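Inspection log for the structure reproduced underneath, given as structure tokens.
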Amino acid sequence: MNGQVLAPLPVLIPTIAAALTLFAGRRPRLQRTIAFLALAAVVAVCAALLYYADRDGTIAVQVGGWGQSVSGMGPLGITLVVDRLSAMMLLVSAIVLLAVVFYAIGQGIRDGDEHQPVSIFLPTYLVLSAGVCTAFLAGDLFNLFVGFEVLLAASFVLLTIGASTERVRAGIAYVMVSMVSSLIFLIGIALIYAATGTLNMAELSVRLDGVPAGTRTALFAVLIVAFGIKAAVFPLSAWLPDSYPTAPAPVTAVFAGLLTKVGVYAIIRAHSLLFPGGAMDRIMLVAALLTMLVGIFGAIAQSDIKRLLSFTLVSHIGYMVFGISLSSALGMAGAIYYVAHHIVVQTTLFLVVGLIERQAGASTLQRLGGLAAASPLLALVFFVPALNLGGIPPFSGFIGKVALLEAGSQDGSVLAWMLVGGSVVTSLLTLYVMARVWTKAFWRPRADAPEGNLSAASPSALLNDTEDVAYADRDDVGRMPVGMLIPTGALIAVGLTLTVLAGPIFAYTERAADEVLDRGHYISAVLGEVR
Amino acid sequence: MTYLVPLVLIGGLISAGVYLLLDRNLTRMLLGLLLAGNGVNLLILMVGGPSGNPPIRGRTSDGETTTADPLAQGMILTAIVISMGIAAFVLALTYRSYRLSRAEEVANDAEDARVSKLSATALDEDRPEPDVRRDTDEPDELDALPGHEGSR
């Protein structure tokens, strides 16, 4: 039992489970059991992979044994690579995927989704999990593309589940933007293939060194545009707040946590493994600054909590791009830590919005009020991740931001200092936005809300087909099922673990960053010791 | 010359695709997506190098001395399959959209329009348009206890 055997499992297990859940479509209980057990197994595998990758160094698997069959050609088949960075991303994603599927199952059991045509939810969700894991494991660009496509195709179905008017409208825009970004990625793949004759990332990082600098920068720019759309970096981010909020709460939560971070991960790989040297750093720093500021200003204007959180999501992507484009070890370590923190905290907040919808029958601030009195537990569950997102010490958001600010001041250029200033302002504005949600939704009496008398008729599980009724007449909104509370609490605990174990975890991200910036480990693990 | 013709063709396909993608009509957007996708597929085929023998051991094509690059063709095949699946999904969405709204065009985001209509001074979602009695959102409200908001 070593890392080599385990590496393909995070893709295989969800794929097989997706097929099994499809067969079990008429037996919801069996379907839920399969999905939950599969994702729990993925968490265990990813934890083991993280242990092996940290202990033994980078693990590379040539799928089907199509390794060094032709001399000087590089690996011909699909390569899966687990280094510290991808192991960490895999583990955090697996934990989030498990928590969200628990939440969705809890919500479904409580709200009786046996009677709704949503037996497609769990299989699609498992395919999404497989796609996310493929993208993190991919050792060549085309496999990364396939991973993206798998997770995108699954996300299209999840986003438009139930196909109500609003979801179809949002879904069309989302599908079109995603496909355009995939096309740009494909153009980048074609051009890189033209320039080097390979797509294996390790082989590429060797061969791209021989490509003229101007061509290299042009290729890098194509990839950055493609990944920038997926990661929602500012000029390419407008699609995100438009499409995410319409989906059901667990779907939005997993999208917000994972899909943009897959884009960020791809940016890290392109920036450090394929095109080191920071040719685009200045542009990326400016984009990061604008992402932070535009995102958070957008959040201030919103009244629907889901939309508001989508804007903070865009805004905080800026922090990660900031850390990456500093091209320093500390910046990269900070960015990696921040990615882990942000996956957990953003997912938690979206799950909490699901609980708020459950408790109060609405997610817009125009209708919310008095939640702190109505449910102190809900208030606590919102308060902790909200402060965490705002970067209040001692939470993990603070640690990540401090690392990034330190890296920025170490860099010392004018642009880096502007980014440091922008980060602080964004952090304060995030806190302001969270405080606004807190005062409106939790502290003021519901009677003070302009539409506080209205509420959704019944709790919406996956389909949002409920209508508005008077607050007093609603039917069984109001209690939070234990099945939804447990995963939310568990994710809050994971977020707190990032604080409590910040020392070892940050040391791990520093090792991961060194490994990412060094490139030698990655290349020698994939190509063998010949070079 | 052998490179120029496909390049012009690719450029034409992608520009027509982008033009159609910018439309609001769903069918046109789908057609644009397919055109641009085919342009990119052609690009991949072109970067795979010149034509040659089929990449199967022992098979030759008339007068060819080199073997064609199988990888480029494999990638195109994958891309075609993916775009076919997505096209089917978009068609289903288009039909659904047509059934729901009798229109084939992408509508505006209602919430987005509402937020952008708020004036800069009244950037507060729960400010009721004519009725300022309820929640004026004065600064002192932030630290007021429930039920004791000073601004009211």
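The values are calculated or read from the model by the stated rules, or taken from the named source; none is laboratory data. Note that the coordinates shown come from a computational prediction; the quantities given were computed from them, not determined experimentally. Here Cβ is always computed from backbone atoms with ideal geometry, including for glycine, and neighbour counts include all displayed protein chains.
Looking at segment A:205-225, can you tell me whether even one residue there is at the interface with chain B (Cβ under 9 Å from one of its Cβ atoms), farther than 22 Å from residue A:85 by Cβ, modelled with pLDDT under 90 and part of a loop (DSSP other than H, G, I, E, B)?
Let us first name the residues in segment A:205-225 that are at the interface with chain B (Cβ under 9 Å from one of its Cβ atoms), namely none.
Checking segment A:205-225: not a single residue is at the interface with chain B (Cβ under 9 Å from one of its Cβ atoms), farther than 22 Å from residue A:85 by Cβ, modelled with pLDDT under 90 and part of a loop (DSSP other than H, G, I, E, B).
Going residue by residue through segment A:220-240, is there one that turns out to be among the charged types (D, E, K, R), closer than 24 Å to residue A:312 by Cα and within 16 Å of the chain's Cα centre (by Cα)? Yes: segment A:220-240 contains one or more residues that are among the charged types (D, E, K, R), closer than 24 Å to residue A:312 by Cα and within 16 Å of the chain's Cα centre (by Cα). Close Cβ contacts (under 6 Å, 6 or more residues apart or on different chains) running from residues in segment A:180-202 that are more than 9 Å from chain B (Cβ to nearest Cβ) to residues that are of a type in the set (D, E, K, R) comprise A:181/A:230; A:196/A:207; A:200/A:140; A:201/A:140. Checked against (1) farther than 18 Å from residue A:253 by Cα; (2) outside any helix (DSSP H, G or I); (3) in contact (Cβ under 8 Å) with a residue 24 or more places away in the chain, residue A:161 meets all criteria but (1). Among the residues of this structure, residue B:94 does not count as one that is surrounded by 14 or more Cβ atoms within 10 Å (Cβ to Cβ) and more than 12 Å from chain A (Cβ to nearest Cβ).
In segment A:441-455, of all residues being more than 7 Å from chain B (Cβ to nearest Cβ) and touching a Leu at 6+ places or on another chain (Cβ under 9 Å), the one that is surrounded by the fewest Cβ atoms within 10 Å (Cβ to Cβ) corresponds to A:446.
To keep it simple, each residue is scored yes or no on (1) out of contact with any Ser or Thr (no Cβ under 9 Å at 6 or more places or on another chain); (2) modelled with pLDDT under 90; (3) among the basic types (Lys, Arg).
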site	(1), (2), (3)
A:405	no, no, no
A:428	yes, no, no
A:434	no, no, no
A:439	yes, yes, no
A:454	yes, yes, no
A:459	no, yes, no
A:466	no, yes, no
A:469	no, yes, no
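Among the residues of segment A:412-454, the one identified as among the hydroxyl-bearing types (Ser, Thr, Tyr), assigned to a helix (DSSP H, G or I) and over 16 Å from residue A:397 (Cα atoms) is A:439. In summary, helices (runs of 4 or more DSSP H) completely within segment A:226-307 and bearing 3 or more residues that are modelled with pLDDT of 90 or more, of a type outside the set (Phe, Trp, Tyr) and farther than 30 Å from residue A:365 by Cα occur at A:260-268, A:281-301.
For every residue, the table says whether it meets (1) at the interface with chain A (Cβ under 9 Å from one of its Cβ atoms); (2) at pLDDT 80 or above.
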site: B:44; (1), (2): yes, yes
site: B:47; (1), (2): yes, yes
site: B:73; (1), (2): no, yes
site: B:89; (1), (2): yes, yes
site: B:109; (1), (2): yes, no
site: B:133; (1), (2): no, no
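Can we say residue B:99 is free of Cβ contacts under 8 Å to residues at least 40 places away in the same chain, surrounded by 14 or more Cβ atoms within 10 Å (Cβ to Cβ) and either under 16 Å from the mean Cα position of the chain (by Cα) or more than 8 Å from chain A (Cβ to nearest Cβ) (or both)? In short, no. Would you please name the residue that is surrounded by the most Cβ atoms within 10 Å (Cβ to Cβ), looking only at residues in segment A:269-289 that are under 18 Å from residue A:140 (Cβ atoms) and under 23 Å from the mean Cα position of the chain (by Cα)? So the residue we want is A:271.
Might you check whether a residue that is at pLDDT 90 or above and either under 14 Å from the mean Cα position of the chain (by Cα) or facing another protein chain (nearest Cβ under 10 Å) (or both) occurs anywhere in segment A:112-128? Yes, there is a match, as at least one residue in segment A:112-128 is at pLDDT 90 or above and either under 14 Å from the mean Cα position of the chain (by Cα) or facing another protein chain (nearest Cβ under 10 Å) (or both).
Among residues of segment B:41-76 being among the small types (Gly, Ala, Ser), out of contact with any helix residue (DSSP H, G or I) (no Cβ under 8 Å at 6 or more places or on another chain) and in a loop (DSSP other than H, G, I, E, B), the one that is surrounded by the most Cβ atoms within 10 Å (Cβ to Cβ) is B:68.
Identify the residue in segment A:156-178 that is over 22 Å from residue A:235 (Cα atoms) and among the polar types (S, T, N, Q) and, among all such residues, is nearest to the other protein chains (Cβ to nearest Cβ).
Step one: filter segment A:156-178 for residues over 22 Å from residue A:235 (Cα atoms), giving A:156-168.
Of the ones still in play, those that are also among the polar types (S, T, N, Q) are A:160, A:164-165.
Values: A:160: 7, A:164: 8, A:165: 5 Å.
Ranking the candidates gives A:165 first.
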